[in-house]
Amino acid sequence: MNPLRIVFLDRDSLPAAAEFTGPQAPHELVAHPRTAPEQVAERIRDADIVIVNKVPLAADAIAQAQRLRMIAITATGTDNVDLEACDRRGIIVSNVRDYAVHAVPEHTFALMLALRRSLLAYRQSVRDGRWQASGQFCYFDFPVRDLAGSTLGIIGRGALGEAVAELARAFGMKVQFAARRDTGEPTHDYTDFNHVLRTSDVLSLHCPLNAQTRGMIGAAEFALMERKPLLINTARGGLVDEYALEHALRSGQISGAGFDVASQEPPAANHPLMRLLDMPNFILTPHMAWSSEAAIRSMILQVCDNIDAFLRDDPRNVVAGFRAVR
């Protein structure tokens, strides 16, 4: 009998110092630093379990992997895996959840505070000699605004959205959660989506990327933002039309933006987000909001637990392959 074969397609998506030994069950682990799309089919052909972070797993590659029984995603987002193809085959797909419940909210507020107080702009001006040139103890070249008393609109009410709301209330912010557009009258603890866009001083995105949410913030939505809010995105790049974002930021429809994600990662040199790096009210970080040491340890343990649970015929955190567990 062949040993359990586990293939990790993008081991370099975790720090080298983070030990990944795999599940407790006996197994053979093949870890590839990176995998290009054209390499996927061959590398998973003889795998029983595939571990993946961001490498796309398309239906054609999945169809060729006749031994494949489980896909363990080392992230919460599942938009890189063809879940319908996995459902048809009964391949269990498990993700990790709530592992970055401190890391992502803290990064969200790091972006929010840096932009609200123009920290990067002031730091650069000090480097450029502006403080000495001012001839006095301070100067007022860039806006500084408190978070206290402002309104935060949150789109997405999972564990991360709730954790951001908790931090916001501690800062003295008013919090409103946006209702989904396809719902009827919002319930008492949700606010109409367009009303949130109109009345928020800061907007923060914490929802998954899927057919319903792709491009959910575009030119029409920016036009509704009467209070010229900050837009913070630590979720997925595809939630926002990045060309519309560029126009909104340069035209003053919004007062700033902090993004940890892009529709293309890494973005090309001419990507809209890269073109915005000259602006003092824009911050782009390289999809690392999730990557605190504690969050990575938690994520690795959860991935291994997911695999062990599957091997015990008790799969957990299942997002596809439901036919196999019903």
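The values are calculated or read from the model by the stated rules, or taken from the named source; none is laboratory data. Model, not experiment: these values are computed from the prediction. Note: ideal-geometry Cβ built from the backbone for every residue, glycine included; neighbour counts use all protein chains shown. When the accessible area is computed, the model is the full protein with side chains, heavy atoms only, and any ligands, DNA or RNA have been set aside. Shrake-Rupley method; radii C 1.70, N 1.55, O 1.52, S 1.80 Å.
Here are some notes:
- Enumeration of residues in segment 4-42 that are outside any loop (DSSP other than H, G, I, E, B), open to solvent by less than 40 Å² (accessible area, probe 1.4 Å) and out of contact with any strand residue (DSSP E or B) (no Cβ under 7 Å at 6 or more places or on another chain): Ser13, Ala41
- Among the residues making up segment 60-96, a single one is under 16 Å from Leu209 (Cβ atoms), in contact with a Lys or Arg (Cβ under 8 Å, 6 or more places away or on another chain) and among the aliphatic types (A, V, I, L, M): Ala75.
- The residue list Leu147, Leu111 contains one member that is under 17 Å from Leu231 (Cβ atoms), open to solvent by less than 70 Å² (accessible area, probe 1.4 Å) and over 19 Å from the mean Cα position of the chain (by Cα), which is Leu147.
- Every residue from segment 82-94 that is open to solvent by 10 Å² or more (accessible area, probe 1.4 Å) and of a type outside the set (D, E, K, R): Leu83, Gly90
- Test for Gly184: is it assigned to a loop (DSSP other than H, G, I, E, B) and at pLDDT 95 or above: no
- Verdict on Glu226 being surrounded by fewer than 16 Cβ atoms within 10 Å (Cβ to Cβ), charged (D, E, K, R) and in contact with a Lys or Arg (Cβ under 8 Å, 6 or more places away or on another chain): yes
- Which numbered condition Met299 fails, given (1) open to solvent by less than 30 Å² (accessible area, probe 1.4 Å); (2) farther than 30 Å from Arg5 by Cα: (2)
- Residues located in segment 194-215, provided they are hydrophobic (A, V, I, L, M, F, W, C) and crowded, with 20+ Cβ neighbours inside 10 Å: Val196, Leu197, Val202, Leu203, Leu205, Cys207, Leu209
- Enumerated strands (runs of 3 or more DSSP E) restricted to segment 64-171, each holding at least 3 residues that are closer than 30 Å to Thr191 by Cα: 151-155
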